[in-house]
1. Would you mention how many residues in segment 199-235 are of a type outside the set (A, V, I, L, M, F, W, C) and buried (at least 19 other Cβ atoms within 10 Å of the Cβ)?
2. Name the residue that is farthest from the ligand (Cβ to nearest atom), counting only residues in segment 165-207 that are of a type outside the set (A, V, I, L, M, F, W, C) and in contact with a strand residue (DSSP E or B) (Cβ under 6 Å, 6 or more places away or on another chain).
3. Cβ contacts < 6 Å: first residue farther than 19 Å from A139 by Cα, restricted to segment 371-383; second residue part of a loop (DSSP other than H, G, I, E, B) and more than 16 Å from the ligand (Cβ to nearest atom), any location; separation 6+ or different chain. Result?
4. Among the numbered criteria (1) more than 16 Å from the ligand (Cβ to nearest atom); (2) modelled with pLDDT of 95 or more; (3) among the hydrophobic types (A, V, I, L, M, F, W, C), which one does L33 miss?
5. For D396, are the conditions met, namely being modelled with pLDDT of 95 or more, surrounded by fewer than 23 Cβ atoms within 10 Å (Cβ to Cβ) and touching a strand residue (DSSP E or B) at 6+ places or on another chain (Cβ under 6 Å)?
6. Checking D270 against (1) more than 30 Å from L380 (Cα to Cα); (2) surrounded by fewer than 19 Cβ atoms within 10 Å (Cβ to Cβ); (3) of a type outside the set (F, W, Y): exactly one of these is not met. Which one?
7. Mind checking which residues of segment 50-74 are in contact with a Gly (Cβ under 8 Å, 6 or more places away or on another chain), farther than 22 Å from N367 by Cα and not in a loop (DSSP other than H, G, I, E, B)?
Amino acid sequence: MKLKVLTFSILSASLFANHAFATNHQVTIHANLQDRGAVINKDIYGQFAEHLGRGIYGGLWVGHDSDIPNTKGFRNDVVQALRDIKVPLLRWPGGCFADQYHWRDGIGPQEDRPITINSNWGGVEETNAVGTHEFFDLADLIGADTYINGNLATGSAQEMADWIEYMTSDKNSALANERRANGRREPWEIKYFGVGNEAWGCGGNMGPEQYVDLYQQYMSVIKTPPGKEILFVGSGGTTEDTQWTDVLSSRIHNDMGGISFHFYTLPNDDWDNKGSATEFDDTMWFKTLERTYRMKNYLQNNVDILDRNDPSGQLGFYVDEWGTWYDTEEGREPGFLYQQNTLRDAVVAAVNLNLFHEYAKRVHMTNIAQMVNVLQAMILTDGAKMVKTPTYHIFDMYKVFQDATAIPFTLDTTEYSMDGKDLPAVSATLAKGTDGRIYMALVNLDPENDADIDLNLNGEINTILAGRILTAQAITAKNTFDDQHALEPQPFQDWADNFVLPAKSVVVLTLK
Ligand code: AHR
């Protein structure tokens, strides 16, 4: 059955006619809306906030005495913006920072906390003003569940076990009482706990066999309070590597909720020359999307291994760091990883989210890197000013997919090609939301050519109720502190059974 069109104006009909060029991509989507796939775990929309640059200090935390309006030291404007996109999960304190972090530095009266050196990120002074209690305040303000990353490289099993007891025990133990003396009577909830980070690199420079030995040693002393569940995260691999997933999933049988995986999109695929965040042409646009689309193969290869080693499907595959990573802008602190964010980042985000939905059976959690002022951020700040990035708007448009149930579909699309490489011109996702409505997202990766979309959705009478589109004239379009609303979602009304998806756009449709 074809879609029933609620409103199909003369204007949209003529737009359709105008767009029906021979150069348009041709896309057909078939689905039976009564079919059901995996649940799209809301934790796929998790975010990462590391002690790095102005990610925490300035971006989130301004302190109780700041002129910038704040609650418990966290700036109100940023907290409200994050609440609006329903961030489900917050990962802290790193990253590489986590493996040199000693939790005792961040508890007790602020004035008594030691100043340490953030040797991973610019060698700057770390005041430890944001520690465990402040992190839980932030998660609470945002309305997010918590993901804490422990220190495996420079900590000890005892230190990690003590931190977990400090946070979660309801007993009359010395550690639980210390927490109470520091102002928190009730235990906190930890949803995920990472046992180290990037153990192959900044987290210890080791191989997977050595890591598994250490993991098991640590887990033998870590105790989760009865009745509580913490999903422990094994630190896994990156990019094309699958050995870490293989070794961890074949050797660790209990005490692990899933295995982490990191993949960053570098336009040039070169750490010494990553590419500019804001100055790029169609070739760099293509290269960026070609790199990001490698995520599909990485997901497939790791999921194949998990399906073999863990056929019951217990283990999650957690992409707990993903996003774009560009060259540092001239004049900015190299260790701070501050970068602007354009329409290209919005398309990167949407393509990755569509892939995570596709693999939702295994991909139960991901964290974009990072939340504020670092890498592919949702939000940028400059003193009291704040701007929402194009990536923020994708997370806003896509929040309807949190905990939705995927609907299987087939998508036939022409290709978007350059220099002998091909990408599908259109990426899509389709799901039934928790509110009973059907949501479809479509991304046109091609910056030049529109796509003719032919929807064949059978099984339920449907009406498109609403649509939102994020696009712009220029591929480099962005929001700045002086022009904060340059790129924002607009109503999208040019839909029907057949409609045109404009070049370089992301559209989310609501069906009923
Ligand atoms: O997100 C920035 C850094 O990238 C993280 O600290 C580390 O885990 C990764 O290499």
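1. Number satisfying all stated conditions: 8.
2. K191
3. Cβ pairs passing all conditions: D382/F481.
4. (2)
5. No, not satisfied.
6. For D270, the exception is condition (1).
7. Once the filter is applied, which keeps residues that are in contact with a Gly (Cβ under 8 Å, 6 or more places away or on another chain), farther than 22 Å from N367 by Cα and not in a loop (DSSP other than H, G, I, E, B), segment 50-74 yields only N70.
Here is a yes/no grid of residues against (1) surrounded by 20 or more Cβ atoms within 10 Å (Cβ to Cβ); (2) of a type outside the set (A, V, I, L, M); (3) under 17 Å from V319 (Cα atoms):
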residue: V363; (1), (2), (3): yes, no, yes
residue: Q370; (1), (2), (3): yes, yes, yes
residue: V374; (1), (2), (3): yes, no, no
residue: M378; (1), (2), (3): yes, no, no
residue: L423; (1), (2), (3): no, no, no
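The values are calculated or read from the model by the stated rules, or taken from the named source; none is laboratory data. The structure displayed is predicted, hence computed values, not measured ones. Methodologically, a virtual Cβ is constructed for each residue, glycine included, from the backbone with ideal geometry; neighbour enumeration extends over all protein chains shown.
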